[in-house]
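Colleague: For reference, the structure I am asking about is given below.
Please treat every number below as a calculation from the coordinates, not as lab data. Not measured: the values here are computed from a predicted model. Backbone-built Cβ (ideal geometry, glycine too); neighbour counts: all protein chains shown.
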């Protein structure tokens, strides 16, 4: 096999406020044709910096201080931007992590997915539409002939991510650099997409550099694994050896934090409130027969996103809605928040039908139920400080005087284990895990009865994910808040869920206690979800 990528002695850093911050220090590895190498490590380890250095997309304040990056015989570290633009797409395909920031909102999907082929002269204007349809179909998108005419906002997050993957492989590049390419995808779609990348690698001799925080994914998909910590390689070798029998304590720590279906349910480190899970208190949320149709501007038939969906959220307990992308779980969560109008059905909050709530009572409803989103950074106002963000609900609901609010903010930051000195920082200065802690503190500020958590840890690395899940379990035990937990990661649900409702095409196909449903699934669709989890049934080293 020929060497496609060779990284030798790479040192990269960032200049921030006059200071030099190293991100990668003397990093080296090789990637051969047909091979998949995974870069793993927690947030801040240098994984994404390595990806951006290879594709020539480092930030303006970044600098390659030393080392070489070779594609074949070409040294990229000395290339001009014009030369790099000829290499990107043609020799290197890049799949960024966040589809929301990587697709042009004003251009149709079909045009964007073939843009690289058009720029490199591989597709004529007359072939654009059919080529786009073929590329979208190849990454598992249904009805690609309809999707080519849509804009990014008309697609789900999982669909947008597959568009990015289709675009990255459109020119059959020698190397695909995939930065968390499936973190927004459910496990069944993830399998389709990664199977496609693996088949391309085998048939064309292409190499794949997979940047991921999912150690199960790395174990299943990578030939070799490189473990980064604070910009340095701490362990590297065949994936079975590195992840099956890690030699370094840091790698063992990552493996222990990685969820699987063998992981135990997390238990609170504090004693639960005596009344927090009492059935006598009654359910917090009752969703009964929810129906929601989405209609496009064209004359297409309406899409039924929810079809007679019912579930319940209890105090101090976690109800998990799981399913593939497009199953209806996020629509159900938005319906509970009254962010999506229903076509039929009832939602009761503490026995009160909120679908018929007078506008004058919306404020109290909003205070009783708060939401935590998937992407922590994009859910926070970049202009506000941490203290301002956490205090915002208190001001909005006119809770307390300024001095009371300051004390409440300090207590909330302490509750989510954020140092007080971060109060004056802004979101861009925080890590992903810190941003999500801020979002949790903000949601808890008005003392809601219910938290709706929409994929709250899918964008976080495994060690931070473990910290956030343990934090949520502790906060629930202390406050008695009920969780409606939306996730495509059944291994995470295994750690935090009490009850599980499995959705497919807008319908509930199975429900019951989490341990029963996930260990002894009855419906074929649930078994399909479980079987698609990468590394799901591996034993995690303690």
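Colleague: Per the Kirkwood formula on distinct C-alpha pairs, the Rh of the chain is how many angstrom?
Modeller: 24.6 Å
Colleague: Using alpha carbons only, how many degrees (0 to 90, rounded to 10) separate the axis of helix 402-415 from the longest principal axis of the chain?
Modeller: 60 degrees
Colleague: Ranked highest first by average number of other Cβ atoms within 10 Å, how do 113-126, 161-174 line up?
Modeller: Final packing ranking: 161-174, 113-126.
Colleague: At q = 0.12, 0.24 Å⁻¹, what log₁₀ I(q)/I(0) does the range 339-411 have when each alpha carbon counts as one equal point scatterer in the Debye sum?
Modeller: Results for the range 339-411 at q = 0.12, 0.24 Å⁻¹ read -0.48, -1.14.
Colleague: Can you tell me the length gained on complete extension of the stretch residue 359 to residue 20, counting 0.36 nm per residue apart and subtracting the Cα distance?
Modeller: Roughly 116.7 nm would be gained on extension.
Colleague: Calculated from DSSP H runs of 4 or more alone, at -39500 (n - 2.57) each and per residue, what is the 222 nm mean residue ellipticity of the chain, nearest 500?
Modeller: -9500 deg cm²/dmol
Colleague: For the pair residue 32/residue 407, report the inter-label distance in nm, with labels modelled 7 Å from Cα in the Cβ direction.
Modeller: In this crude spin-label approximation the distance works out to 6.7 nm.
Colleague: A follow-up question, please. Give the angle, between 0 and 90 degrees and rounded to the nearest 10, that separates the Cα long axis of helix 432-444 from the longest principal axis of the Cα atoms of the chain.
Modeller: Compared with the principal axis, the helix lies near 10 degrees.
Colleague: Next question, about the same structure. Sort the range 32-79 into rounded, prolate or oblate with this rule: let a ≥ b ≥ c be the square roots of the eigenvalues of the Cα gyration tensor; rounded if a/c is under 1.5, and if a/c is not under 1.5, prolate when a/b is larger than b/c, oblate otherwise.
Modeller: oblate
Colleague: Based on the Cβ-Cβ distance from residue 528 to residue 295, what FRET efficiency comes out when R0 is 25 Å, to the nearest 0.05?
Modeller: Computed FRET efficiency for residue 528 and residue 295 comes out at 0.30.
Colleague: Right, here's the next one. Counting other beta carbons within 10 Å of each residue's own, what order do 412, 503 fall into, fewest first?
Modeller: Ascending number of Cβ neighbours within 10 Å: 412, 503.
Colleague: Compute the angle between helix 386-396 and the longest alpha-carbon principal axis of the chain, please, reported from 0 to 90 degrees and rounded to the nearest 10.
Modeller: Here the helix axis deviates by roughly 30 degrees.
Colleague: Can you tell me the order of 57-67, 332-342 when each peptide is scored by its average per-residue count of other Cβ atoms within 10 angstrom, highest first?
Modeller: Most protected by this proxy first, the peptides run 332-342, 57-67.
Colleague: Assign one of three labels to the range 283-531, namely rounded, prolate or oblate, based on the Cα gyration tensor with a ≥ b ≥ c the square roots of its eigenvalues; rounded applies when a/c is under 1.5, prolate when it is not and a/b is larger than b/c, and oblate otherwise.
Modeller: Note, shape of the range 283-531 comes out prolate.
Colleague: Using the per-residue mean of other Cβ atoms lying within 10 Å as a proxy for protection, in what order, highest first, do the peptides 16-26, 427-437 fall?
Modeller: 427-437, 16-26
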